[in-house]
Amino acid sequence: MSVIKILIADDHAMIRDGVRYLLQDEVDIDLIGEAVDGEDALEKIGELKPDVAIIDVNMPKLNGLELIARMKEDHLEVRTMVFSIHDEEEYMLKSIKFGAHGYMLKDVDRDEFLKGIRIIAEGGRFFGKNTEKLLLKSNANKLEAVQGDTNLSSMLTKRETEILSLVAQGQNSKAIGKQLFISAKTVDHHRGNIMQKLEIHTAAGLVSFANRHSII
């Protein structure tokens, strides 16, 4: 069994202690490092090379988004999950824009937290249930109209529906392509078409749409 190496970056000791407690009995997840601010996190991520970095938004020296940007500049191949108290859409969308692979609120339950880590480590994206609901507020009317009045099969092709289902399960383009015997580039093309047709512009939006239409 491959062990997922985790680093937590948060300036609050209680949060770091809580994450350590949650992970202590997980045989496939190993907390290999803790950081108290953004600069400390950047140094330790470069040194320890975790599989997933769990990052707070508000930290001294470098905030979470600045940290993710610096990681990209330094070509650090580490998956990132933003772990935050902020439930405002602005923070979530900025995190996605900066390249975060997931976003969860700090009131998330244990099972969802662990599920998110595993999906992100495997190359997928994960957004907590509460996060999805908040992100979709701006698209609520569009989604209701689609759900109530439109036959899904008239909007999406069979292949697009297959890909939407796999995206919603947290699979990345390479994994989807391998399963469907098509290239990752073709998967990305279909994904772009799906987003355009549904007028949904985030991974969380696709997940929620798939849930609402029972196609996961």
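The values are calculated or read from the model by the stated rules, or taken from the named source; none is laboratory data. Note that the structure is predicted; figures quoted are calculated from it, not measured. All Cβ positions, glycine included, derive from the backbone under ideal geometry; neighbour counts span all protein chains shown.
Below is a table of values for the structure above.
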| quantity | calculated |
| --- | --- |
| Unmet criterion (only one of (1) closer than 17 Å to His201 by Cβ; (2) in contact with a Leu (Cβ under 9 Å, 6 or more places away or on another chain)) for Arg125 | (2) |
| Selected residue [farther than 25 Å from Lys129 by Cβ and not hydrophobic (A, V, I, L, M, F, W, C)] from Asp56, Asp51, Asp37 | Asp37 |
| Filter result (over 24 Å from Val3 (Cβ atoms) and touching a Ser or Thr at 6+ places or on another chain (Cβ under 7 Å)) within region 22-69 | Val57, Leu65 |
| Only listed residue being surrounded by fewer than 20 Cβ atoms within 10 Å (Cβ to Cβ) and among the hydrophobic types (A, V, I, L, M, F, W, C), chosen from Leu42, Leu67, Leu114 | Leu114 |
| Selection count where residues are in a strand (DSSP E or B), within 22 Å of His75 (Cβ to Cβ) and of a type in the set (A, V, I, L, M, F, W, C), scope region 16-48 | 2 |
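For (1) closer than 17 Å to Ile119 by Cβ; (2) at pLDDT below 95, each residue gets a yes or a no:
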residue: Met1; (1), (2): yes, yes
residue: Lys5; (1), (2): yes, no
residue: Asp11; (1), (2): no, yes
residue: Ile15; (1), (2): no, yes
residue: Asp25; (1), (2): no, yes
residue: Ile32; (1), (2): no, no
residue: Glu39; (1), (2): no, yes
